[in-house]
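These notes are about the structure you will find just below.
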Amino acid sequence: MKTLLDKLHLTAVNPGVSSGPDHWLASAAAPLTSYNPTTGAAIAQVIPADAAAYDAVVASAQTAFRTWRSVPAPKRGEVIRDLGAILRAYKEPLGELVSLEMGKIRAEGEGEVQEMIDICDFAVGLSRQLYGLTMHSERPAHRMYEQWHPLGPIGIITAFNFPVAVWSWNAAIAAVCGDTLVWKPSELAPLCGVAVQHLANRVMADHGLTGVFTLAVGAGDIGQRMAEDSRLPLISFTGSIPTGRRVAQTVAGRLGRPLLELGGNNAIVVSDKADLDLAVRAILFGAVGTAGQRCTSTRRIIAHAAIVDELAARLVKAYQQVPIGDPLQPGVLMGPLATPRAVEAMLRAVERAVADGGVVLTGGRALPDIGPQFVAPTIIRMPAQTAIVREETFAPILYILTYR
């Protein structure tokens, strides 16, 4: 682990407030500990932002915006091109850090960094395609045209389950459009935020920039400050629906713009004509990937009565063959849940489903012999879409329902 942290220039105690190259700010806030969900052990501590440090970060982004917005968009694209290049160079250790701190398997951790690289490539192309309409005017010797202007410093609040990719989806596009960024990563994955900021700082230094990409690690208090902060005209929030609703109301209350990516409770409908081999593979990946901790996770199967029994039997067999363990080990396909509370929430959901008449076909239990935050992927046959079935549980629970 020490070698991994050294590769990413991380130490045992890391500052989590940055306004640019070599500008890691002091803060009086109590240290925030990052835990390894695989073992429950502490990895390192991060110094989060206090009120003064947060204000300094936003002021830096404001100052940078005044000049960044006037840089030609293709030149802004060159900065993002170099961000993509440094992410390529650090794809393996950054992907490993995602696995270490968040718990997704190595292939998913590195895949998340690849998503960052891909969005940088997209944004570089976008930097030369910020088109607007040209329109005819009724007045002689006049022309009318549409020109888009950047909003200003953008606040980005990301979730634990995609601790780096979601930032890049926002940051790469906003930056080429002329906006500067203030990022609050999840308090469950602060080291990922600090590592990415280190890389962004190196890119900014190469281009003589500061304040374009900034970081303010913290818990809900920092997120609340951002939502209320009129200096941030747009807040991009990724997380749960209840929290997203509060963010939207707060931001809209000051006439800001909320951009929300919230939860899901996705279903796959399997007809009596379906290819069950294909269906099983798709369902397994959709439901068990990232240990069910995705807003896009498959949580409900609505299967035709003619094939539901066979499909359920095949799924049970597939689930019982899923290798569970340390996500950094080869061959493992499912790691731990993010927190002990997530394990408790899953077990409560199983109890509610059984109380509603559900039958646990496989799983439904914790796996303490592997580690404190491991669970067995679970399939529950349900008689109807009860309240718990309609509720998103951020865990590998799959409900099977029947239609005719």
(request) Arrange the peptides 119-130, 158-169, 22-33 so that the one whose residues have, on average, the most other Cβ atoms within 10 Å appears first. (result) 158-169, 119-130, 22-33
(message) Taking the solvent-accessible surface of protein heavy atoms with a 1.4 Å probe, what is the per residue accessible area of the range 57-165 in Å²?
(response) 50 Å²
(request) Starting from the residue with the highest accessible area, list LEU133, LEU401 in decreasing order, probe 1.4 Å. (result) LEU133, LEU401
(request) Keeping every protein chain in place, order LYS273, LYS75, LYS104, LYS317 by accessible area at 1.4 Å, biggest value first, i.e. largest first. (result) LYS273, LYS317, LYS75, LYS104
(request) For the range 75-127, with all protein chains present and a 1.4 Å probe, just round the carbon and sulfur fraction of the accessible area to a whole percent. (result) 53 percent
(message) Under 19 Å between alpha carbons, and skipping anything fewer than 8 positions from LYS273 in its own chain: which aspartates and glutamates qualify?
(response) ASP309, GLU310
(request) Excluding residues on the same chain fewer than 8 positions from LYS75, give the aspartates and glutamates whose Cα lies under 20 Å from its Cα. (result) ASP118, ASP121, ASP179, ASP206
(request) Post the alpha-carbon centroid distance, the range 314-389 to the range 64-122, in whole angstrom. (result) 32 Å
(request) For the range 140-221, give the percent of accessible area contributed by carbon and sulfur heavy atoms, probe 1.4 Å, rounded to a whole number. (result) 59 percent
(request) For the range 278-404, with all protein chains present and a 1.4 Å probe, just round the carbon and sulfur fraction of the accessible area to a whole percent. (result) 55 percent
(request) Give me the distance between the Cα centres of the range 201-233 and the range 277-309, rounded to whole Å. (result) 38 Å
(request) Quote the charge dipole size of the range 133-283 about the Cα centre in Debye, to the nearest 20; the model charges only the Cβ of Lys and Arg (+1) and of Asp and Glu (-1). (result) 340 debye
(request) Measure off 7 Å from each Cα along the Cα-to-Cβ vector at GLN129 and ALA282, then give the distance between these two points in nanometres to one decimal. (result) 2.8 nm
(message) Over the range 260-301, with the other protein chains present, what is the accessible area per residue in square angstrom, probe 1.4 angstrom?
(response) 43 Å²
(message) Straight-line reach only, C-alpha to C-alpha below 27 angstrom: list the lysines that LYS104 could link to, leaving out same-chain residues fewer than 8 apart.
(response) LYS2, LYS7, LYS91, LYS184, LYS317
(message) Explain nothing, just compute: Karplus ³J(HN,Hα) = 6.51 cos²θ - 1.76 cosθ + 1.60, θ = phi - 60°, for every residue of the range 275-281 in order, whole Hz, x for Gly and Pro.
(response) 7, 5, 4, 5, 4, 4, 4
(request) Specify which labelled value, from [x] 24; [y] 15; [z] 19, agrees with percent of Cα pairs over 42 Å apart derived from the coordinates of the model shown. (result) [z]
(request) Set the Förster distance to 56 Å, then compute FRET efficiency between ALA306 and MET144 from the Cβ-Cβ distance, nearest 0.05. (result) 0.40
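The values are calculated or read from the model by the stated rules, or taken from the named source; none is laboratory data. Computed from a prediction, not measured in an experiment: that's the story for all the values here. Cβ: placed from backbone, ideal geometry, glycine included. Neighbour counts: every protein chain shown. Heavy atoms of the whole protein, side chains included, go into the accessibility calculation; ligands, DNA and RNA do not. Shrake-Rupley method; radii C 1.70, N 1.55, O 1.52, S 1.80 Å.
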